[in-house]
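The block underneath contains the structure these notes are about, expressed in structure tokens.
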Ligand SMILES: Cc1ncc(COP(=O)(O)O)c(C=O)c1O
């Protein structure tokens, strides 16, 4: 059965969800996006994703022609219409249709798309046993070139790094910035446990400020796990007790080997396992209800 896609204010069947070849999102990667998850009939941290989308858009002077509340509702409605209880929602706002030149002034109206579908990134065994990653030659974009804090449609920097991962037969990589500091993965943030502290690179170093990262910092705080945002090198990762990645799609993924060096005991550590469990528990209970009517009725039935 074909999906119903939100396109510029209305829901249309997937086959009719077409965007112009003159759209500057297609021609130049000019636009912004979000990846959001739904778990157990709830959209996780919807408001934070919507806020980040509008912040990214503001940075690139892109006006989203929809109110925040309406776009948030479109995300929930996309799940409802496609019967998604557990899934992945992609919100894309591109500069819209223009001409072949790159001047954004030629694009009078942004294109807005919401797709609610399913996603599977890593098999369950990766969460049990951890994964092996490498650092790569591709450097994360500098904040003064294309700031990684902006979640733009231009993901070639991450894709170049992913190509290196593919060539090396690895599922994911760690990217360094121009100064050789570890910043993030291709679509995830990075944490280490070193000398008893949870450490993750600060935003100003040139990372996307992940919503999963923020959630994990909150979960750590609530559990009395000391956490700091501080720069670190590959040497720190090799000698860390634990390492893991976080992202909306990937969730919390243990890393047990980096550049052929075993991290800690070479298996997911206690802090990582604790945070994986805590994250899974949280996402199953918290979020914007998708099927409000059904939830109300279940409540009424349960009460009678
Ligand atoms: C480059 C990059 N870093 C980090 C993340 C993790 O962010 P979040 O946890 O909000 O998904 C993503 C996810 O889209 C990403 O693309």
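The values are calculated or read from the model by the stated rules, or taken from the named source; none is laboratory data. Please read these numbers as outputs of a predicted model, since none were measured by experiment. No Cβ is skipped: glycine too gets one built from the backbone with ideal geometry, and neighbour counts run over all protein chains shown.
Descriptive notes on the structure:
Results for (1) surrounded by 19 or more Cβ atoms within 10 Å (Cβ to Cβ); (2) in contact with a helix residue (DSSP H, G or I) (Cβ under 7 Å, 6 or more places away or on another chain), shown as yes or no for each residue.
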position: 8; (1), (2): no, no
position: 18; (1), (2): no, no
position: 32; (1), (2): yes, yes
position: 35; (1), (2): no, no
position: 40; (1), (2): no, yes
position: 48; (1), (2): no, yes
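- Selection count where residues are within 20 Å of residue 166 (Cα to Cα), within 15 Å of the ligand (Cβ to nearest atom) and surrounded by fewer than 18 Cβ atoms within 10 Å (Cβ to Cβ), scope the stretch 122-153: 2
- When 118, 114 are checked against the criterion of being crowded, with 16+ Cβ neighbours inside 10 Å and farther than 30 Å from residue 261 by Cβ, a single residue qualifies: 114.
- Residues in the stretch 182-209 that are in contact with a helix residue (DSSP H, G or I) (Cβ under 7 Å, 6 or more places away or on another chain) and more than 15 Å from the ligand (Cβ to nearest atom): 192, 193, 194, 198.
- One residue alone among 97, 106, 68 is surrounded by fewer than 21 Cβ atoms within 10 Å (Cβ to Cβ) and closer than 29 Å to residue 209 by Cβ, and that residue is 68.
- Matching residues in the stretch 212-228 - criterion: being within 10 Å of the ligand (Cβ to nearest atom) and either more than 13 Å from the chain's Cα centre (by Cα) or without any contact (Cβ under 8 Å) to a residue 40 or more places away in the chain (or both): 213, 216
- Residue 275 being in a helix (DSSP H, G or I), within 16 Å of the ligand (Cβ to nearest atom), within 23 Å of residue 170 (Cβ to Cβ) and within 23 Å of the chain's Cα centre (by Cα): yes
- Scan the stretch 229-271 for residues that are under 21 Å from the mean Cα position of the chain (by Cα) and part of a strand (DSSP E or B) and the total you get is 11.
- Flag if residue 53 is over 21 Å from residue 298 (Cβ atoms) and out of contact with any strand residue (DSSP E or B) (no Cβ under 6 Å at 6 or more places or on another chain): no
- On the stretch given as the stretch 183-211, residues that are over 18 Å from the mean Cα position of the chain (by Cα) and either assigned by TED's automatic domain parsing to the domain that holds residue 52 or assigned to a strand (DSSP E or B) (or both) total 6.
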